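Participant: The following block contains the structure, expressed as structure tokens.
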Amino acid sequence: MAALRLRCACNNQIRMHTTHHPDLVTPSALGLLQSEMPADRWMCDTPCLNLDDEKVQLRAQTLTQFVDSTRAKVLAIFAFVQSLHYFPPGYHGVMTARQVLDRRGGHAYGKSTLFVALLRASDIPARMRFVQVQGKVLRGLAPVAPAVDHAIVEVWLRGRWVRTDLHVYDGAYLLGATYKLREAGWRSGYGLHVKGAKSWNGISDAFISFAPDQQGGTPLEDWGVYNDPDEFRRQQFKENFAYDAIQGVRRLFYAPAMHRSIQKTRELGRELREQRRALKRHSSTDTV
């Protein structure tokens, strides 16, 4: 941990000049931007990541102790974080990694914080990229806004940053949301894009909340790379107080309705899962 703190101190000095856009110079094939900053700059601890917390350390060790490759470790951590319940923002502000573990779930920023924390605790560089996407992505969960901010986790694998946001939604919610989205005939809603990825292999980028190669799927803004949501919010507050305040009020105001919609969607997903299992059992019986 001493090494982590040393890297963090160096990282903070550099980020004074690179937070937000200045270090983002090379466009990727997906329209997002790559950072020239060395990967090992993204190993530090922060008050949100809780890398010194025993529970965070133990969870990281438990998830990775029986796998050898870095990619296998990343996928084990990803599967665990994805399995935790997704719930809306508003009830909680900035959640720490320990809080997400204790509550067995979190909102998008909270689960991303835990994902990054467990990766860094496993000596794997990771960070968050914040983008702005079309507000229609939350249709069905909250009244549509022109745009909403969204967190992507980037992991350093095989000499490049590999990105995903599929860790945000647990399996039952994802199943129910996919069904509702298709039934409504929408391109995006319930936090998903109809052409979004449904799985992540740790090799290629995979996004569920937007589809960069589809109509209306490209992020509207790329806010840059950060250690955690608190760092991002402080930067937004500094640069655009009104925008940050409006986003915060909106989260609080619509949280109860979002919570009910998420719960119903997750229940639908469980019902659909049971139906599939019943059909599979019935098919197996007929075959015998």
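The values are calculated or read from the model by the stated rules, or taken from the named source; none is laboratory data. Everything quoted here is computed from the prediction, not taken from an experiment. Please note: Cβ atoms are built from the backbone with ideal geometry, for glycine as well, and neighbour counts cover all protein chains shown. With ligands, DNA and RNA removed, areas are computed over all heavy atoms of the protein, side chains included. Shrake-Rupley method; radii C 1.70, N 1.55, O 1.52, S 1.80 Å.
Participant: Strictly over 22 Å apart at the Cα level, which of K136/K238; K136/K180; K136/K198; K55/K111; K111/K198; K73/K111 would you flag in this model?
Facilitator: Listed pairs above 22 Å: K136/K238.
Participant: Any chance you could list the semi-axes, whole Å, largest first, of the equivalent ellipsoid that the Cα gyration tensor gives for segment 147-218, using √(5λ)?
Facilitator: 22, 14, 10
Participant: Please identify the trypsin sites (Lys or Arg not before Pro) of segment 92-141 that satisfy two criteria: DSSP loop assignment and at most 14 other Cβ atoms within 10 Å. Which are they?
Facilitator: Here the sparse-neighbourhood loop sites are R104.
Participant: All other residues with a Cβ under 10 Å from the Cβ of H85 taken together, and with Lys, Arg as +1 and Asp, Glu as -1, what is their net charge?
Facilitator: +3
Participant: Give me the 1.4 Å probe accessible area per residue for segment 56-151, excluding ligands and nucleic acids, in Å².
Facilitator: 36
Participant: Here is a follow-up. Taking the Cβ of G171 as the center, what net charge do the other residues with Cβ under 10 Å away carry, scoring Lys and Arg +1 and Asp and Glu -1?
Facilitator: Taking every other residue near G171 into account, the sum is +2.
Participant: Is segment 68-142 best put as rounded, prolate or oblate by its Cα gyration tensor, with a ≥ b ≥ c the root eigenvalues, rounded for a/c under 1.5, and otherwise prolate when a/b is larger than b/c, oblate when not?
Facilitator: prolate
Participant: So which trypsin sites (Lys or Arg not before Pro) in segment 148-203 end up in coil per DSSP with only 11 or fewer other C-beta atoms within 10 Å?
Facilitator: R158, K198
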